2 protein chains.
Amino acid sequence: MKSTNASSLVTLARIAGVSVSTVSRALSGNPMIARATRERIEALARDHGFQINRAARNLRLGRTGAIGVVLPLGHETQQHLSDPFFMSLIGPLADALADRGYDLLLSRVIPTDGQWLDRIVDGGRVDGVLLIGQSDQIDTIERVAARYTPLVVWGAAVDGYAQLTVGSDNVAGGRMAADHLLAQGRRHLAFFGNPDVPEFAARHAGFRAALAQAGMGEGLLLPAHLTTQASYDAIRALLADHPPIDGIVAASDVIAMSALRALGDAGLRVPSDVAVVGYDDVMVASQTTPPLTTIRQDVARGAALMVDLLFDRLAGTPAASACMAPHLVQRASA
Amino acid sequence: MKSTNASSLVTLARIAGVSVSTVSRALSGNPMIARATRERIEALARDHGFQINRAARNLRLGRTGAIGVVLPLGHETQQHLSDPFFMSLIGPLADALADRGYDLLLSRVIPTDGQWLDRIVDGGRVDGVLLIGQSDQIDTIERVAARYTPLVVWGAAVDGYAQLTVGSDNVAGGRMAADHLLAQGRRHLAFFGNPDVPEFAARHAGFRAALAQAGMGEGLLLPAHLTTQASYDAIRALLADHPPIDGIVAASDVIAMSALRALGDAGLRVPSDVAVVGYDDVMVASQTTPPLTTIRQDVARGAALMVDLLFDRLAGTPAASACMAPHLVQRASA
DNA sequence: CATCAAACCGTGACCGCTCGCATGGCGTGG
DNA sequence: CCACGCCATGCGAGCGGTCACGGTTTGATG
């Protein structure tokens with residue numbers, strides 16, 4: 001008997017022969033309503049395809065019912081491409097938020113001033129914010145996080161910063177990548193990635209720690225940008241000097257892919273001449289030639305964690321930054 | 001004087017010394033309000049960081065202020081990975097909708113029955129729906145499109161179907177890819193892709209048309225799935241028979257990348273032994289080895305078009321499906 | 001100086017929902 | 001048999017806007 005969509009609670013109430021408030025309570029599972037009544041009303045609602053008006057409900061409850069998911073694109077102003085790793089977080093986030101009855105309000109921002117995040121949290125359009133990556137905006141984020149609690153960011157937990165973060169242990173990941181290369185007998189390692197991005201800085205720190213521990217010095221640092229063309233160019237330029245490199249740790253798979261291509265174009269073979277390990281294990285990492293050895297982060301778990309922490313914050317429950325252990329996925333590039 | 005967020009129209013009205021309705025009208029640009037008054041109120045609103053409560057506004061106006069962007073994942077039930085091409089559409093869509101003051105409500109659905117789209121459009125949570133891809137759900141989409149007009153789908157315009165679509169000319173694209181291979185002297189062509197997806201079917205049609213015109217017969221069809229592993233396996237299996245293939249048109253870049261890897265693993269060189277052309281020109285297409293020759297679709301323009309058409313529909317203006325010309329991006333794989 | 005439009009602005013109802021409080025019905029002890 | 005308490009339900013205000021309608025100025029005009 002799927003009839004025309006009963007437009008409001010009053011319609012349903014009239015049909016059921018009870019008051020509006022009874023219907024409201026029945027549908028929201030309020031125990032004050034007798035079981036029989038509730039079940040009768042629920043059945044009626046189902047038959048008439050009735051769904052509560054969220055806008056009205058949220059207005060009354062003084063909330064928006066939406067969570068902002070924002071992608072800051074601070075480090076890549078020339079192109080609008082977003083990192084495939086971050087894009088892959090969005091799907092699981094959408095699912096997790098939907099499970100909790102919240103809408104996901106997506107926005108991308110290219111930070112032009114220090115106020116971009118203030119505008120979002122003060123806009124009154126969301127009950128909380130999930131930041132996908134710190135980009136090079138960690139200070140702005142920190143300032144806002146100090147006054148706005150329902151904010152969770154994917155990225156690095158940096159000492160002295162209070163922002164609530166979820167991420168993998170980037171130091172461990174960087175170390176893992178370097179150790180893997182060292183274990184293969186590689187001796188001249190380079191790290192490709194812009195250390196202005198906190199996650200990359202942490203990976204670089206892990207990389208250096210591994211080298212230091214092995215007594216291999218500092219290693220080389222190439223602060224490659226995230227855009228593919230820029231990093232390709234930078235890598236080509238570096239390679240032109242024929243530095244004695246036999247192992248590369250890339251701060252992301254995207255950079256690793258640029259490296260793969262640059263190495264190939266420079267006549268170097270991977271992994272025989274130089275081994276490459278990436279970071280993230282994005283979907284295409286297994287499809288490169290050779291398939292990319294990389295440090296995997298658990299996207300699905302990370303998304304779930306971010307949402308959990310955010311709702312802890314919304315509920316006033318104390319919440320602590322979460323750090324997940326990354327692990328090495330060995331393929332052919334190293 | 002950025003003070004505490006003036007919480008409502010009445011607060012601002014009190015501050016401005018006018019009535020609530022005047023503030024409402026001033027802020028919505030109603031010409032009934034004197035210019036001076038309006039500007040004064042606008043300044044006040046700005047100073048106090050006041051932003052209109054969208055939930056209340058939308059409730060009163062009887063709309064939701066949100067557009068649903070939905071990713072149907074019909075053809076890839078085992079994995080949740082979404083096609084990078086579709087993911088890349090989301091960013092520009094978010095921007096275009098934000099420009100129009102609408103929120104973007106993202107959801108992914110794995111169609112389990114024929115009602116998934118009905119639930120979305122009848123849910124009353126969105127004013128319109130943008131479907132990212134037809135997947136294998138074209139009939140469900142068509143049924144809903146017949147009764148629900150604010151619906152635009154990215155995909156193929158199929159003869160006899162009334163749904164409003166935006167997409168590139170897939171037949172032309174498929175033909176273009178095949179012609180490119182034929183022009184290089186390739187004679188034994190194969191098409192990799194599942195023709196249950198309407199866009200892929202159209203690309204395949206173009207592929208066959210090109211072969212027919214060149215008198216090269218039908219070509220080979222491998223209905224590869226979209227998941228990378230499945231398509232890789234299928235391609236390896238095909239290659240194991242050593243068919244006389246010297247050119248491959250892949251229905252998407254993701255499939256092309258699987259093909260590249262499968263060919264390499266089978267000891268075949270690209271492009272000398274077999275040339276490969278992909279479809280979409282996703283970000284990583286330029287990073288494969290060899291870089292992928294592919295058929296490019298203009299994502300940004302497509303996103304803008306989808307939003308334009310949707311708002312035409314919302315306004316009651318007649319709108320027609322749009323078809324954009326694809327073009328060949330020649331790199332090294334063919 | 002009275003009159004009247006035009007131009008502005010204020011009043012109040014209402015969008016659909018939630019929840020504090022009032023109310024009705026019924027079982028039970030005195 | 002009545003007073004009392006408790007449980008299930010109804011009443012109505014109000015969340016923050018919008019807009020139809022009516023009221024008040026203002027300036028031009030007879």
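The values are calculated or read from the model by the stated rules, or taken from the named source; none is laboratory data. Just so you know, these numbers come straight off a predicted model, no measurement behind them. Neighbour counts run over all protein chains shown; Cβ positions are idealised from the backbone, glycine included.
I'd like to check something: does the range B:116-130 contain any residue that is within 16 Å of DNA strand C (Cβ to nearest atom) and more than 9 Å from chain A (Cβ to nearest Cβ)? Give the steps one after another, and end with the answer.
Here is the first cut: in the range B:116-130, the ones within 16 Å of DNA strand C (Cβ to nearest atom) are B:122-127.
Applying the additional criterion that residues be more than 9 Å from chain A (Cβ to nearest Cβ) yields B:126-127.
Yes, the range B:116-130 contains at least one residue that is within 16 Å of DNA strand C (Cβ to nearest atom) and more than 9 Å from chain A (Cβ to nearest Cβ).
Just to check your reading of the model, which residue among B:Leu59, B:Leu44 is within 11 Å of another protein chain (Cβ to nearest Cβ), part of a helix (DSSP H, G or I) and either within 12 Å of DNA strand D (Cβ to nearest atom) or farther than 18 Å from A:Asp95 by Cα (or both)?
None of the other options fit; the residue is B:Leu59.
As an exercise: evaluate A:Val18 against (1) within 12 Å of DNA strand D (Cβ to nearest atom); (2) part of a helix (DSSP H, G or I) and give the number of the one condition it does not meet.
(2)
Just to verify a result, which residue in the range B:87-110, among those that are more than 7 Å from every other protein chain (Cβ to nearest Cβ) and not in a helix (DSSP H, G or I), is nearest to B:Leu309 (Cα to Cα)?
Ranking the qualifying residues of the range B:87-110, first place goes to B:Arg100.
Answer yes or no as to whether A:Arg143 is among the basic types (Lys, Arg), modelled with pLDDT of 95 or more, touching a Gly at 6+ places or on another chain (Cβ under 9 Å) and over 24 Å from A:Ala303 (Cα atoms).
For A:Arg143, the condition - among the basic types (Lys, Arg), modelled with pLDDT of 95 or more, touching a Gly at 6+ places or on another chain (Cβ under 9 Å) and over 24 Å from A:Ala303 (Cα atoms) - is not met.
Tally up the residues in the range A:96-107 that are free of Cβ contacts under 8 Å to residues at least 24 places away in the same chain and either closer than 10 Å to B:Ser107 by Cα or buried (at least 23 other Cβ atoms within 10 Å of the Cβ) (or both), please.
The number of residues fulfilling the criteria is 1.
Any chance the range A:301-323 includes a residue that's closer than 23 Å to B:Gln287 by Cα, among the charged types (D, E, K, R) and in contact with a helix residue (DSSP H, G or I) (Cβ under 9 Å, 6 or more places away or on another chain)? Lay out the reasoning, then the answer.
Just the residues of the range A:301-323 that are closer than 23 Å to B:Gln287 by Cα, to begin with: none.
Scanning the range A:301-323 turns up no residue that is closer than 23 Å to B:Gln287 by Cα, among the charged types (D, E, K, R) and in contact with a helix residue (DSSP H, G or I) (Cβ under 9 Å, 6 or more places away or on another chain).
Only residues that are surrounded by 12 or more Cβ atoms within 10 Å (Cβ to Cβ) and more than 8 Å from DNA strand C (Cβ to nearest atom): list them for the range B:29-42, please.
Once the filter is applied, which keeps residues that are surrounded by 12 or more Cβ atoms within 10 Å (Cβ to Cβ) and more than 8 Å from DNA strand C (Cβ to nearest atom), the range B:29-42 yields B:Asn30, B:Glu39, B:Arg40, B:Ile41, B:Glu42.
Give the range A:122-160 a look and list any residue that's among the acidic types (Asp, Glu) and either farther than 26 Å from A:Gly206 by Cα or in contact with a Leu (Cβ under 9 Å, 6 or more places away or on another chain) (or both), or say none.
Those that are among the acidic types (Asp, Glu) and either farther than 26 Å from A:Gly206 by Cα or in contact with a Leu (Cβ under 9 Å, 6 or more places away or on another chain) (or both): A:Asp122, A:Asp127.
Inspect the range B:222-230 for any residue being surrounded by 23 or more Cβ atoms within 10 Å (Cβ to Cβ) and more than 24 Å from the chain's Cα centre (by Cα) and give the result as yes or no.
No, that holds for no residue.
Scan A:Ala26, A:Ala45, A:Ala55 and give me the residue that is crowded, with 18+ Cβ neighbours inside 10 Å, within 12 Å of DNA strand C (Cβ to nearest atom), under 22 Å from B:Arg100 (Cα atoms) and among the aliphatic types (A, V, I, L, M). Talk me through it step by step, then tell me what you get.
Numbers: A:Ala26 fails: under 22 Å from B:Arg100 (Cα atoms); A:Ala45 fails: under 22 Å from B:Arg100 (Cα atoms).
Every option except A:Ala55 fails the conditions.
So for the range A:291-307 (the condition being within 13 Å of chain B (Cβ to nearest Cβ) and closer than 21 Å to A:Arg186 by Cα), does at least one residue qualify?
Yes, because at least one residue in the range A:291-307 is within 13 Å of chain B (Cβ to nearest Cβ) and closer than 21 Å to A:Arg186 by Cα.
Cβ-Cβ below 6 Å, separation at least six or inter-chain, first residue in the range A:220-235 and more than 19 Å from A:Ala178 (Cα to Cα) and within 13 Å of another protein chain (Cβ to nearest Cβ), second of a type outside the set (Lys, Arg) and surrounded by fewer than 16 Cβ atoms within 10 Å (Cβ to Cβ): which pairs?
Listed pairs, sorted by first residue: A:Thr227/A:Gln79.
Is it the case, given these coordinates, that A:Ser135 is within 14 Å of another protein chain (Cβ to nearest Cβ) and not aromatic (Phe, Trp, Tyr)?
Here the answer is no, as A:Ser135 does not meet what is asked.
Based on this model, can you work out whether B:Thr64 counts as polar (S, T, N, Q) and near DNA strand D (Cβ under 10 Å from one of its atoms)?
No, not satisfied.
Of a type in the set (Gly, Ala, Ser), more than 14 Å from every other protein chain (Cβ to nearest Cβ) and closer than 30 Å to B:Arg313 by Cα: which single residue out of B:Gly160, B:Gly185, B:Gly215 fits that description?
Residue meeting the stated conditions: B:Gly160.
Could you please let me know if A:Ser252 is within 30 Å of A:Asp312 (Cβ to Cβ), within 14 Å of chain B (Cβ to nearest Cβ) and either at pLDDT 95 or above or crowded, with 24+ Cβ neighbours inside 10 Å (or both)?
yes
Condition test on A:Ile52, is it aliphatic (A, V, I, L, M), in a loop (DSSP other than H, G, I, E, B) and within 14 Å of chain B (Cβ to nearest Cβ)?
Numbers: aliphatic (A, V, I, L, M): yes; in a loop (DSSP other than H, G, I, E, B): yes; within 14 Å of chain B (Cβ to nearest Cβ): yes.
Yes: the conditions hold for A:Ile52.
Confirm whether A:Val144 is crowded, with 24+ Cβ neighbours inside 10 Å and over 22 Å from A:Met257 (Cβ atoms).
no
Do you know which residues across the range B:124-137 are outside any strand (DSSP E or B) and crowded, with 22+ Cβ neighbours inside 10 Å?
Those that are outside any strand (DSSP E or B) and crowded, with 22+ Cβ neighbours inside 10 Å: B:Val126, B:Gly133, B:Gln134, B:Ser135, B:Gln137.
Tell me, which residue of the range B:145-176 that is of a type in the set (S, T, N, Q) and under 11 Å from the mean Cα position of the chain (by Cα) is farthest from B:Leu310 (Cα to Cα)?
Only one residue tops the list, namely B:Ser168.
So which residues in the range B:173-200 are surrounded by fewer than 20 Cβ atoms within 10 Å (Cβ to Cβ) and within 24 Å of B:Phe86 (Cα to Cα)?
B:Pro195, B:Asp196, listed by residue number.
Can you work out which of the residues in the range A:21-34 that are more than 38 Å from the chain's Cα centre (by Cα) and outside any helix (DSSP H, G or I) is farthest from A:Arg54 (Cα to Cα)?
So the residue we want is A:Ala34.
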